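The values are calculated or read from the model by the stated rules, or taken from the named source; none is laboratory data. No experiment lies behind these values; they were computed from the predicted model shown. No Cβ is skipped: glycine too gets one built from the backbone with ideal geometry, and neighbour counts run over all protein chains shown.
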Amino acid sequence: MYSKNGVFVGEIEDVRLDLDAQAVTGLALAELNHELFAGRVDRSTGVIVPYRWVRAVGDVVLVTDVIERLDTDDADAEGDPDGQAA
């Protein structure tokens, strides 16, 4: 899995399914890019990326760049989901 900006996120190990809705709800990652998840996830832990972040699926899965901003936006702590000051 890569961000839409070409940053490696991790390798997809499994999917999370909603059987009632017959839909994929998330992708389980391992072999994470620990620079992206530093301080949030230890090296032995995986993560589940919400499927709504997925932008393209093929040999490579592309996700929105929100994955790159997980730990860098101070604006998120202030309630601004776009990371822009008012």
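This table checks each residue for (1) modelled with pLDDT under 90; (2) touching a strand residue (DSSP E or B) at 6+ places or on another chain (Cβ under 6 Å); (3) among the aromatic types (Phe, Trp, Tyr); (4) surrounded by fewer than 16 Cβ atoms within 10 Å (Cβ to Cβ).
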residue	(1), (2), (3), (4)
Asp14	no, yes, no, yes
Gln22	no, no, no, yes
Arg43	yes, no, no, yes
Val47	yes, yes, no, no
Val63	no, yes, no, no
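Quick check on my filter: what residues within region 24-41 are surrounded by 13 or more Cβ atoms within 10 Å (Cβ to Cβ) and within 17 Å of Asp65 (Cα to Cα)? Passing the criteria: Gly26, Leu27, Leu29, Leu32, Asn33, His34, Leu36, Phe37. The set of residues from region 1-47 being assigned to a loop (DSSP other than H, G, I, E, B) and of a type in the set (A, V, I, L, M) comprises Met1, Val7, Val9, Leu19, Ala21, Leu32, Ala38, Val41. All of (1) in contact (Cβ under 8 Å) with a residue 40 or more places away in the chain; (2) touching an Asp or Glu at 6+ places or on another chain (Cβ under 8 Å); (3) surrounded by fewer than 13 Cβ atoms within 10 Å (Cβ to Cβ) hold for Ser3 with one exception: (3).
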